[in-house]
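Following: one structure in structure tokens, then a few remarks.
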Amino acid sequence: MGTLSTFIKQHTHLNEYVTRQFTIQILEGVKYLHENNILHLDIKGSNILMVDESNIKLTDFGLSTIFCEEEGVEAERGTTRFMAPEMINCPDGRIFKNACSLDIWSVGSTVVEMITGSPPNSTTTSVRVLFKMATLQKPKYQLPANASKHLKDFLEKTFKPEPEKRPSAETLLKEDPFITG
């Protein structure tokens, strides 16, 4: 059926119920990857395939890597509007701690893409996006007026500027009200 991005464009944006259902599936995939020490590093709607109108699968593992804290992960990998700020703001070019949180930020960006029809910072030039990320500013997006508190709180958690404060995929699946709601 094509990619999630194509599906979103066909529908302008998705409602919270559908977004929640897809987010659960994305988090289940991310949880599996992280349990096996794999980082996806490029989660976004165009890297998620629609199996049918209610099921999706993560795809495009071209930037993925097996993560080992001693070796770290190479920074500046991924798609800018979906990339965590520490990927840009990394002085030695490698991230050694809290690397799983890189994918969590991208999940948040994908949720914004689903609910609004566009990724965060979509009205900003790429240079400005990089500057905002380098200064650890939160991404810019406009949620619908009727967005629930649970959705807003979920995005606040995934967009924590400090990677160590972002919850794991497992924690979000078990404890987040937007997911368990």
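The values are calculated or read from the model by the stated rules, or taken from the named source; none is laboratory data. What you are looking at is a predicted structure, and each value in this text was computed from that prediction instead of being measured. When we count neighbours, we look across all protein chains shown, and the Cβ atoms used for this are built from the backbone with ideal geometry, even at glycine. Areas reflect the complete protein model, heavy atoms only, side chains present, ligands, DNA and RNA absent. Shrake-Rupley method; radii C 1.70, N 1.55, O 1.52, S 1.80 Å.
Go through (1) within 27 Å of Glu175 (Cβ to Cβ); (2) open to solvent by 10 Å² or more (accessible area, probe 1.4 Å); (3) part of a helix (DSSP H, G or I) one by one and return the number of the condition Ser46 breaks.
(1)
Inspect the stretch 16-37 for any residue being open to solvent by less than 40 Å² (accessible area, probe 1.4 Å), closer than 12 Å to Thr110 by Cα and of a type in the set (Lys, Arg) and give the result as yes or no.
no
Could you look through the stretch 73-109, keep only residues that are in a loop (DSSP other than H, G, I, E, B) and modelled with pLDDT under 75, and pick out the one that is surrounded by the fewest Cβ atoms within 10 Å (Cβ to Cβ)?
This residue is Pro91.
Taking the stretch 79-107 on its own, how many of its residues are out of contact with any Asp or Glu (no Cβ under 9 Å at 6 or more places or on another chain) and under 20 Å from Lys9 (Cβ atoms)?
2
For Leu27, all conditions in the list (1) assigned to a loop (DSSP other than H, G, I, E, B); (2) in contact with a Leu (Cβ under 7 Å, 6 or more places away or on another chain); (3) of a type outside the set (Phe, Trp, Tyr) hold save one; what is the number of the exception?
(1)
Given Pro144, Pro120, which one is more than 17 Å from the chain's Cα centre (by Cα), outside any helix (DSSP H, G or I), at pLDDT 85 or above and over 23 Å from Gly72 (Cα atoms)? Reasoning before the result, please.
On the way: Pro120 fails: more than 17 Å from the chain's Cα centre (by Cα).
Being more than 17 Å from the chain's Cα centre (by Cα), outside any helix (DSSP H, G or I), at pLDDT 85 or above and over 23 Å from Gly72 (Cα atoms) holds for just one of Pro144, Pro120, which is Pro144.
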